[in-house]
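Asker: Starting off with a structure, shown below.
The values are calculated or read from the model by the stated rules, or taken from the named source; none is laboratory data. Worth saying up front: this structure is predicted, and the values here are computed from it rather than measured. So basically every Cβ, Gly included, is an ideal-geometry build from the backbone, and we count neighbours across all protein chains shown.
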Amino acid sequence: MFLESARLRLRPMELADEEAMFQYHSDPEVVRYIPWFPRDRSQVRASIEKIMKATRLEVEGDYLNLAVTLKETGRLIGQVSIEFTSAVNECGEIGYVFNPEFSGQGYATEAIATIISHGFDLVEFHRVIARTDPRNIASIKVLERLGFRQEAHFVSEEFIKGEWVDTLIFAVLDSEWAELRKKWDLQR
Ligand SMILES: CC(C)(COP(=O)(O)OP(=O)(O)OC[C@H]1O[C@@H](n2cnc3c(N)ncnc32)[C@H](O)[C@@H]1OP(=O)(O)O)[C@@H](O)C(=O)NCCC(=O)NCCS
């Protein structure tokens, strides 16, 4: 499973990615709005081992979690995922975590657009959603830049890291993405 955009190559995670992944998985700021706590090396390794097995997007419950690397240098800068959440509703859900060292250059936006297009092409999703904490401004900005629509604000929905947190649901339909993706496909 390899995907490409203008500046990025998305590929399966490898054990050799441990150091690059540890850099951002261990950062409390990076995981602030993510359900898990900062990880130590053994937790990062366990995460890679799990992700390495997630290489199919064929039936409900499958998910892809790909390493995002810079084409120019091969450097791993983050990861994007897409999960096949419902067969009957033809729905997928995306996730993303990036090393802040590489933020502010549109890499996350470009990588997420790439994996969404792949999901719509491969599974023929009807709808792709993203969940985010309303305090996660960077995440909301990325979703809005991509053209996602905010559809819901669940109040005090989940108990995460010792507190009740709200959840925003963003979504994009296949018919909408057909238009939105033109901008990103041009850059490939
Ligand atoms: C959410 C997250 C991926 C966003 O990262 P990011 O660096 O803001 O996103 P991008 O790499 O797409 O960069 C976007 C910025 O680059 C700018 N940019 C520069 N060149 C660009 C280009 N070619 N295309 C798009 N944006 C570009 C944008 O204007 C934007 O800047 P702004 O935030 O000042 O408006 C990152 O903050 C993160 O990993 N957070 C921790 C994990 C997390 O919370 N994940 C989400 C869980 S729901």
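Asker: Could you check how many residues of the stretch 14-53 are of a type in the set (A, V, I, L, M) and away from the ligand (no atom under 16 Å from the Cβ)?
Answerer: Of the residues in the stretch 14-53, the ones of a type in the set (A, V, I, L, M) are 15-16, 20-21, 30-31, 34, 44, 46, 48, 51-52.
Next, from what is left, pick out any that are away from the ligand (no atom under 16 Å from the Cβ): 15-16, 46, 48, 52.
The number of residues fulfilling the criteria is 5.
Asker: Note down all Cβ pairs under 9 Å where the first residue falls in the stretch 101-114 and is assigned to a loop (DSSP other than H, G, I, E, B), the second is of a type in the set (V, I, T) and more than 8 Å from the ligand (Cβ to nearest atom), and they're at least six residues apart or on different chains.
Answerer: Listed by first residue and then by second, the contacts come to nothing, as the list is empty.
Asker: Select from the stretch 84-122 the residues that are surrounded by fewer than 20 Cβ atoms within 10 Å (Cβ to Cβ), among the hydrophobic types (A, V, I, L, M, F, W, C) and more than 16 Å from the ligand (Cβ to nearest atom) and write down the one among them that is modelled with the lowest pLDDT.
Answerer: That would be L122.
Asker: Let me ask another. Could you please find all residues in the stretch 130-161 being surrounded by 21 or more Cβ atoms within 10 Å (Cβ to Cβ) and part of a strand (DSSP E or B)?
Answerer: Hits for the stretch 130-161 are A130, T132.
Asker: Next question. Which numbered condition trips up D166, out of (1) acidic (D, E); (2) surrounded by 14 or more Cβ atoms within 10 Å (Cβ to Cβ); (3) within 13 Å of I116 (Cα to Cα)?
Answerer: (3)
Asker: In the stretch 123-136, what residues are within 7 Å of the ligand (Cβ to nearest atom) and free of Cβ contacts under 8 Å to residues at least 60 places away in the same chain?
Answerer: A130, R131
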